[in-house]
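The values are calculated or read from the model by the stated rules, or taken from the named source; none is laboratory data. Computed from a predicted structure; not experimentally measured. When we count neighbours, we look across all protein chains shown, and the Cβ atoms used for this are built from the backbone with ideal geometry, even at glycine.
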Amino acid sequence: MAAVKAANEFRRRHTGDAVGALLFALAGALLSALGQESHRAVVQTVGVLIQLAGGLMAAGALMRLAFADEHPGEAVFRPGRFGLQWGAPEWRLLGAGVLLGLICSLAFLAAMVVGFGFGAALGFWLAEGRDSVITIAVEWGIGLGFLGAFYVGIRLILSAPATISLQRVTVLKVWPLTRGQVWPILAAVALIVLILFAVAMLPLLLSAVAVAAVVWASHGDREMAGLLGALIGTLVAGLVVNFGQIPLLVGLYAHLYRGLRPAADAGQGGHFPQQGNL
C-alpha cells in the first residue's frame, strides 16, 4: 500500500508535465481504432506507431522527473514542454523494452518445451490416445510458457527505471533486486489495474448505452454503431490508460527501484525512499 500511495502521489504531481505526450498517444489510439473499423491497414499502422511514440515520450518524460532530483542541473533529466521530447532516454527505454520482450519470448519458449515434455509424459502415463496426448502436451506447453514469461517479466519489471537512472540500457541487472519481491510487486500492480478498471467501468457502460441509442436512432445502422462504439471505447480506455495507468506505473516502478537498488546506484535522494526504506 505504501508503494501504491507513492505511485498515486507521483501521478498527482507530474501527470500534467506529460500531458502533451499523453494526448499524442491517445490520438494515435483513436486513429488506430478508426483504421481498424474502416479496414484501412495503413491508417491503423500509423495510429499504432503514433500511440507507441506518444507512450514512450510520456514514459520518458515521467521517468526523467522521477530521477531529476538525483541529477540537478542535467538537461537530459528535464522533460520537454508538455512531455513532448525524444532523446537518449526515449531511445534507451525503447531498447530496454525490445530486449525485455526478447528475453520474455525466450523464457516462454524454454518453459513451453518443458511443458510439452511434461504434458506428453503425463498423457502417456494416463494411457490416453494419441490425440489426447498431443492435446495435454500442448495445453501444458502453452500454460507453462505463459507462466515462465510472466515470471521473468515480473523479475525484470524494474528495467525501465534502472535504464533511466543509470543512463544506459539495463535489463538483466535488475534480476537480483526483485528476488523475494515478486508477490508484493504483483500485488501492487494488480491493485492499480483493478482500481483503474473500476474507474473505467461506469464510462464504458455509459458509452454502451450511447451506442445503443445511436443504433436505435439510425434504424439499426450497425456500421455507424460499430465505428462509434470503437471510438468511444478507445477514448475511455485511452484516458484511463494514458492519464491513470502510465503515470501510476511509472511512479510505482520508480518507487520500487529506488527502494530496492544497491546503495552504490543510489543518488542524492528526494521524495522517493532510498535503498533500505521501501
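Observations on the structure shown:
- Of the residues in segment 169-179, at least one is exposed (fewer than 15 other Cβ atoms within 10 Å of the Cβ) and either under 26 Å from ALA61 (Cβ atoms) or of a type in the set (A, V, I, L, M, F, W, C) (or both).
- Scanning segment 143-166 for residues that are small (Gly, Ala, Ser) and touching a Ser or Thr at 6+ places or on another chain (Cβ under 8 Å) returns ALA149, SER159, ALA162.
- Only one entry in LEU144, LEU158, LEU191, LEU202 is under 29 Å from ALA75 (Cβ atoms) and among the aliphatic types (A, V, I, L, M), namely LEU158.
- Check on GLY55, touching a Leu at 6+ places or on another chain (Cβ under 9 Å) and either closer than 29 Å to HIS14 by Cβ or modelled with pLDDT of 95 or more (or both): yes
- Sole residue being surrounded by fewer than 21 Cβ atoms within 10 Å (Cβ to Cβ), over 30 Å from ALA88 (Cα atoms) and not basic (Lys, Arg), chosen from GLY143, GLY153: GLY143
- Qualifying residue in segment 159-167 (condition: of a type outside the set (Val, Ile, Thr), buried (at least 20 other Cβ atoms within 10 Å of the Cβ) and more than 18 Å from the chain's Cα centre (by Cα)): yes
- Where a residue in segment 135-156 is closer than 16 Å to ILE185 by Cβ and aromatic (Phe, Trp, Tyr) and its partner, wherever it lies, is in a helix (DSSP H, G or I) and at pLDDT below 95, with Cβ under 8 Å and at least six apart: TYR151/VAL182
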